[in-house]
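Colleague: Dropping a structure here in structure tokens format, bear with me for questions.
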Amino acid sequence: MSSLEEQIKICEEKSSVLEPNQEIRTDWFSQIQQFTHQYIDELQDAKAFIKTEAQPVYDFDPETTFSLEETLAELRHNFNDFGLRASSGGHVGYIPGGGIFPAGLGDLLAAVTNEYAGMYFGSPGAVTLENQLLDWVKSLFDFPEEAVGNLTSGGSIANLIALTAARDAKGIKNEKVPNAVVYMTLQVHHCIQKALRIIGLGDVVIRYIPMNDRHQLDIQFLEKQLQLDHDNHLQPFLVIGSAGTTDTGAIDPLEDMAVLSKKFDCWFHVDGAYGGFFYLLENLKPLFKGIEKADSLVVDPHKGLFLPYGLGVVLVKNKDSVFHSHHYTANYMQDAYGDGTINPADVSPELTKHFRGLRLWLPIKLLGIAPFKACLEEKILLTHYFREELVKLGFVVGPEPDLSVSYFYYPKDNLKQQNDFNRSFHLRLIQDGSVFLSSSTIDEKFVIRMAILSFRTKKRTIDRALDMIRSQLKIEN
Ligand SMILES: *Cc1c(COP(=O)(O)O)cnc(C)c1O
């Protein structure tokens with residue numbers, strides 16, 4: 001053998017572990033299977049939050065190898081014994097996670113097959129599957145077939161793509177930026193302001209429109225402000241509505257906002273990252289009236305469809321405005337163009353991407369959409385149940401929520417006393433951790449916030465929360 005061939009052989013042998021044989025794969029699978037079963041079975045009784053001074057420690061050294069067994073034990077400890085259990089039904093703070101099991105299998109299949117989901121030319125199978133999902137989301141929200149869409153890593157990137165399209169459609173660049181005006185409430189998710197900065201619109205004028213007592217945008221104020229800005233020769237170009245705000249679950253008056261947007265030649269964007277999928281429920285549809293009139297829409301299956309983190313959706317009606325920033329041809333990609341299909345890479349900053357469609361497609365394929373709807377409805381009912389029981393305990397609850405986010409506080413004679421009490425009461429709840437509730441400040445009031453969206457949150461979870469609240473209340477009072 002030539003020395004070149006010998007060297008190749010040595011490298012081949014040394015790297016052969018990168019393709020473990022069937023026996024090893026079977027062993028690893030069975031260990032992972034055991035871990036998975038144990039993890040899921042323990043979830044029901046596990047604390048939702050663990051507050052501790054200790055910190056996770058990992059034994060990691062790229063020059064050394066470890067067994068899967070010891071590695072799984074290490075992960076179990078570092079995941080389970082610190083902070084928030086995002087997969088637990090007891091996570092009813094922030095916007096809860098979930099992580100339905102078949103989505104995990106979808107991820108596994110996507111990783112093992114590693115289908116190239118960036119371009120149709122590379123994987124017609126993967127891209128067709130993703131485009132089919134996008135067509136389904138379009139039909140759900142009564143968006144036209146010609147709209148384009150993308151499966152993103154989450155709501156933040158989805159919003160970024162939508163706002164970039166708005167910018168390009170309205171030609172907001174260079175000297176136009178300081179005169180351009182965006183309209184939203186202070187309750188929009190902060191990824192909106194962040195996206196504006198990223199896309200070079202940090203210097204636009206932002207008008208925070210006041211809200212009514214249900215935290216929805218006040219449409220009269222919006223109209224006045226649009227007129228005023230128009231009369232003052234500014235350029236109103238973007239109106240942003242929330243279909244379920246993160247803090248209070250409020251849905252803005254979308255229909256009226258759509259009408260005003262049109263009148264003042266503005267792009268109308270709707271962020272439904274938290275609330276969008278409640279549109280699946282027939283009885284809630286009227287709340288979302290006008291959502292179908294949006295120029296762009298964001299929804300987050302890793303919230304409203306209970307998927308593990310890592311999947312958002314953006315839809316944009318004006319294809320050209322999306323292509324303006326994202327469609328690109330390069331010499332080294334010349335084989336990949338010309339078949340007329342819309343490639344994920346034309347609609348997103350990403351080229352090579354995770355084949356993330358499969359994690360949504362597989363669960364719906366196996367289970368159908370009906371259980372998802374029932375679960376969303378259950379979340380709404382549990383929110384009412386929780387609020388009713390809290391009132392019986394003497395708490396004041398926030399205004400009737402549109403969806404499944406609400407808040408409460410224990411009333412005291414004056415605001416300072418009340419805030420002090422509720423702050424320390426909330427700390428106790430965090431210390432307990434059976435169920436995790438977050439906090440917020442609304443109209444200067446410290447409030448305890450509930451967000452019920454995990455598919456694992458059940459009536460028994462809420463009863464557990466109420467038990468925790470009852471016993472901490474006894475101590476605090
Ligand atoms: C969560 C959320 C976002 C951000 O989405 P990520 O998936 O966390 O990036 C945007 N808007 C709203 C209303 C949200 O609730």
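Colleague: Could you bin all the Cα-Cα distances of the chain into 10 Å bins starting at 0 and give me the percent of pairs in each, rounded to whole numbers?
Modeller: Per 10 Å bin, starting at 0, the Cα pair percentages come out as 4, 18, 25, 24, 18, 8, 3, 1, 0, 0.
Colleague: Expressed as a whole number of Å, what is the distance separating the alpha-carbon centroids of region 416-477 and region 212-257?
Modeller: Distance between centres, Cα-based: 31 Å.
Colleague: Could I ask something else about it? From the P(r) of region 227-343, can you give the percent of Cα pairs sitting at distances over 22 Å?
Modeller: Details: 3214 of 6786 pairs.
Result: 47 percent of Cα pairs exceed 22 Å.
Colleague: Can you order the peptides 115-123, 66-74, 15-23 by their average number of other Cβ atoms within 10 Å per residue, highest first?
Modeller: Details: 115-123: 20.6, 66-74: 12.9, 15-23: 8.8.
Highest mean packing first, the order is 115-123, 66-74, 15-23.
Colleague: Only sites in a loop by DSSP and with at most 10 other Cβ atoms within 10 Å count here; which GluC sites (Glu not before Pro) in region 379-444 make the cut? Before the final figure, lay out each step's value.
Modeller: On the way: sites: Glu388, Glu389, Glu444; in loops: Glu444.
Qualifying residues, ordered by number: Glu444.
Colleague: Here's another thing I want to ask about it. Write down Rg/Rh for region 213-268, rounded to two decimals, with Rg from the C-alpha atoms and Rh from the Kirkwood relation over Cα pairs. Provide the component values of the computation, followed by the final result.
Modeller: Details: Rg = 11.7 Å, Rh = 11.7 Å.
Checking Rg against Rh, the ratio lands at 1.00.
Colleague: Further question: Of Tyr309, Ala330, Leu390, whose Cα points farthest to the positive end of the dipole of region 274-404 (charges on the beta-carbon: +1 Lys, Arg; -1 Asp, Glu; origin at the Cα centre)?
Modeller: Leu390
Colleague: Probe 1.4 Å, all protein chains in place: accessible area of Tyr58 in Å², nearest 10?
Modeller: 110
Colleague: Okay, moving on. Report in % the part of the accessible area of the chain that belongs to carbon and sulfur, leaving out ligands and nucleic acids; probe 1.4 Å. Before the final figure, lay out the partial values.
Modeller: Numbers: 12510 of 23290 Å².
Of all accessible area on the chain, carbon and sulfur atoms account for 54 percent.
Colleague: Is there a quick way to get the dipole size of the chain? I mean about its Cα centre, with the Cβ of Lys and Arg at +1 and of Asp and Glu at -1; what is the value in debye to the nearest 20? All intermediate terms of the calculation are to be shown ahead of the outcome.
Modeller: On the way: 46 positive and 62 negative charges, 324 e Å.
Dipole magnitude for the chain comes out near 1560 debye.
Colleague: Kirkwood hydrodynamic radius (Cα pairs, Å) of region 34-129? Intermediate values should be presented prior to the final figure.
Modeller: Numbers: mean 1/r = 0.0608 Å⁻¹.
About 16.4 Å, per the Kirkwood formula over Cα pairs.
Colleague: Something else about it: For a Förster distance of 51 Å, can you work out the FRET efficiency between the beta-carbons of Asn174 and Lys474, rounded to the nearest 0.05? Working shown, then result.
Modeller: Details: r = 63 Å, r/R0 = 1.24.
With a Förster radius of 51 Å, E is 0.20.
Colleague: Given a 1.4 angstrom probe, what's the average accessible area per residue across the chain, in square angstrom?
Modeller: 49
Colleague: Give me Rg over Rh for region 92-171, both radii from the alpha carbons and Rh done the Kirkwood way, two decimal places.
Modeller: Values: Rg = 15.3 Å, Rh = 15.1 Å.
Taking Rg over the Kirkwood Rh, I get 1.02.
Colleague: How much FRET efficiency would the formula 1/(1 + (r/R0)^6) give for Glu70 and Val17, where r is the Cβ-Cβ distance and R0 is 22 Å, rounded to 0.05?
Modeller: On the way: r = 17 Å, r/R0 = 0.79.
Efficiency for this residue pair is about 0.80.
Colleague: Between Met1 and Thr329, what length in nm is gained on full extension when 0.36 nm per residue of separation is reduced by their alpha carbon distance?
Modeller: Working: separation 328, 0.36 × 328 = 118.08 nm, distance 4.47 nm.
Difference between extended and current length: 113.6 nm.
Colleague: Per the helix-only calculation at 222 nm, which mean residue ellipticity applies to the chain, given -39500 (n - 2.57) for every DSSP H run of n ≥ 4 and division by its residues, nearest 500 deg cm²/dmol? Each step should come with its number before you reach the end.
Modeller: Details: 15 runs with 205 residues, N = 477.
Taken over the chain, the calculation gives -14000 deg cm²/dmol.
Colleague: Related question: What aspartates and glutamates sit close enough to Lys319 to cross-link, taking a C-alpha to C-alpha distance under 15 Å and skipping anything fewer than 8 places away on the same chain?
Modeller: Partners within reach: Asp135, Glu145, Glu146, Asp168, Asp295, Asp346.
The values are calculated or read from the model by the stated rules, or taken from the named source; none is laboratory data. Predicted model, so just to flag it, every value in this text is computed and none were measured. Positions of Cβ are generated from backbone atoms using ideal geometry, with glycine treated the same way; all protein chains shown enter the neighbour counts. Ligands, DNA and RNA are stripped out before the accessible areas are found, and what is left, the full protein with its side chains, is counted by its heavy atoms. Shrake-Rupley method; radii C 1.70, N 1.55, O 1.52, S 1.80 Å.
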